[in-house]
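*Asks:* Here it is: the structure, laid out below.
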Amino acid sequence: MTKRVAWAWAGLALGIAGTVSGVSGASADCLRRVYNRSNLVLVARQDGGPPATLLPGRSLPMRLSRPGQIDITGYCGMPGAGAGPVVQRTFDYEAVLDRCFVRFGGDLFVPQLGRGFIGLQETAPFTVNNPRQGDIVLGPAVGSACPVPGPAVLSRRG
């Protein structure tokens, strides 16, 4: 074996070793958002961690780095003010390699059509995986769940 062939084999071995070590350390680590487009106050909790309060018209970034759960609860006013939750949902998410998405739907026809094609799991009033895979949106239609205070009585006498 010549010196040139030995160097070629060594380079090939190092290239393969570098590829294997690079693939084994891969993680998803996607930055996704929870959007609150309603008049509710949301409390979001990722994987049982500390809660984060999300006011109307705001969004909250969440880092998805492994499979887990996001718990979202919606209140008509500030949480703990006596009123119970109006909306409460738990979403499972996947974060594998370069894909981050919220799981929903049944396992029927998953290989042929993809998950969530047949709506066996309802996500309403939330919209998931829109505008990007892994995003969760609470739309403005939920605002009717809160009681609207009666019309204010105006008086010039004070």
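*Asks:* Look at F104 and say whether it is modelled with pLDDT under 85 and touching a Ser or Thr at 6+ places or on another chain (Cβ under 7 Å).
*Replies:* yes
*Asks:* Checking R103 against (1) under 16 Å from T127 (Cβ atoms); (2) surrounded by 17 or more Cβ atoms within 10 Å (Cβ to Cβ); (3) under 15 Å from the mean Cα position of the chain (by Cα), which test does it fail?
*Replies:* (2)
*Asks:* Considering only residues that are at pLDDT below 90 and hydroxyl-bearing (S, T, Y), look in the stretch 23-37 and name the one that is most open to solvent (accessible area, probe 1.4 Å).
*Replies:* By that ranking, first place goes to S24.
*Asks:* Out of F109, F91, report the one residue that is at pLDDT below 80 and of a type in the set (F, W, Y).
*Replies:* So the residue among F109, F91 that is at pLDDT below 80 and of a type in the set (F, W, Y) is F109.
For every residue, the table says whether it meets (1) without any contact (Cβ under 8 Å) to a residue 40 or more places away in the chain; (2) part of a strand (DSSP E or B); (3) loosely packed, with under 13 Cβ neighbours inside 10 Å.
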{"residue": "G48", "(1), (2), (3)": "yes, no, yes"}
{"residue": "T53", "(1), (2), (3)": "yes, yes, no"}
{"residue": "G74", "(1), (2), (3)": "no, yes, no"}
{"residue": "P79", "(1), (2), (3)": "yes, no, no"}
{"residue": "P85", "(1), (2), (3)": "yes, no, no"}
{"residue": "T90", "(1), (2), (3)": "yes, yes, yes"}
{"residue": "A95", "(1), (2), (3)": "no, yes, no"}
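*Asks:* Conditions: (1) at pLDDT below 90; (2) closer than 16 Å to V137 by Cβ. L54 meets all but one. Number of the miss?
*Replies:* L54 satisfies every listed condition except (1).
The values are calculated or read from the model by the stated rules, or taken from the named source; none is laboratory data. All of these numbers come straight from a predicted model, not from anything done at the bench. Every residue, glycine among them, receives a Cβ derived from its backbone with ideal geometry; neighbour counts consider all protein chains shown. Ligands, DNA and RNA are excluded from the accessible area calculation, which covers all protein heavy atoms including side chains. Shrake-Rupley method; radii C 1.70, N 1.55, O 1.52, S 1.80 Å.
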